[in-house]
1. Round to a whole angstrom and tell me the spacing of the C-alpha centers of segment 72-109 and segment 43-70.
2. Output the pairs from LYS2/LYS116; LYS22/LYS116; LYS2/LYS22; LYS22/LYS113; LYS55/LYS113; LYS6/LYS58 with a Cα-Cα distance over 24 Å in this structure; if there are none, say none.
3. How big is segment 21-75 along each principal axis, measuring the range of its Cα positions in Å and listing the largest first?
4. What is the gain in length, in nm to one decimal, between LEU121 and ASN56 on full extension, counting 0.36 nm per residue of separation less the C-alpha to C-alpha distance?
5. Are there DSSP H segments in the chain that both extend 30 Å or more along their axis (alpha-carbon positions) and score a mean Kyte-Doolittle hydropathy of at least -1.0? List them, or say none.
6. Using +1 at the Cβ of each Lys and Arg and -1 at the Cβ of each Asp and Glu in the chain, identify which of ALA21, TYR106, PRO47 lies farthest towards the dipole's positive end.
7. Take the Cβ-Cβ distance between TYR18 and ARG92 as r, set R0 to 41 Å, and report the resulting FRET efficiency rounded to the nearest 0.05.
8. Please rank ASP75, ASP62, fewest neighbouring Cβ atoms within 10 Å first, as an exposure proxy.
Amino acid sequence: MKLTQKQRDQLWGEVGPYSEAKLIVETRILDDQVSRVFIVVEVSINPLTFEIISKNSKQFADDQMIIQLIEHSEDRGQSFGYVSMAFIQEYRDESVMKEAKKVLEYTKTTIIKMHKFVMDLLDLGN
């Protein structure tokens, strides 16, 4: 399939899809002190991948992570893509970070699965 320049731009990557999975330490400051710290796993999916996966969602009916990303992502435009929060919890001890890292790994695997589907569909493989 030949992609238009707009579609290529929506992939974000030079020759294939590019998305992001982020592990964020969010420090909330109230008045003159730190009130709480949260650990967040956030996902940014390039627009074309999101749109293709959404159109083919029936093929992913058994993959809850993909379905959740499709259903709970917010379109923030071309620059930010479709953004979703995969995890947020107040940091009280190291177990929270451990859980966030597990979710991050699962999220990365999910994005790679989505990208592979798009690459195969668009014949972008090596």
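1. 16
2. Working: LYS2/LYS116 17 Å; LYS22/LYS116 20 Å; LYS2/LYS22 31 Å; LYS22/LYS113 17 Å; LYS55/LYS113 16 Å; LYS6/LYS58 26 Å.
Too far apart for the 24 Å limit: LYS2/LYS22; LYS6/LYS58.
3. 50, 21, 15
4. Numbers: separation 65, 0.36 × 65 = 23.40 nm, distance 1.06 nm.
Fully extending the segment from LEU121 to ASN56 adds 22.3 nm.
5. Working: long enough: 94-122 (42 Å, -0.05).
Span-like helices here: 94-122.
6. PRO47
7. Numbers: r = 34 Å, r/R0 = 0.83.
Given R0 = 41 Å and the Cβ-Cβ separation, E is 0.75.
8. Working: ASP75 12, ASP62 7.
Neighbour counts put them in this order, fewest first: ASP62, ASP75.
We did not get these values from a lab; they are worked out from the coordinates using the rules stated. Just so you know, these numbers come straight off a predicted model, no measurement behind them. No Cβ is skipped: glycine too gets one built from the backbone with ideal geometry, and neighbour counts run over all protein chains shown.
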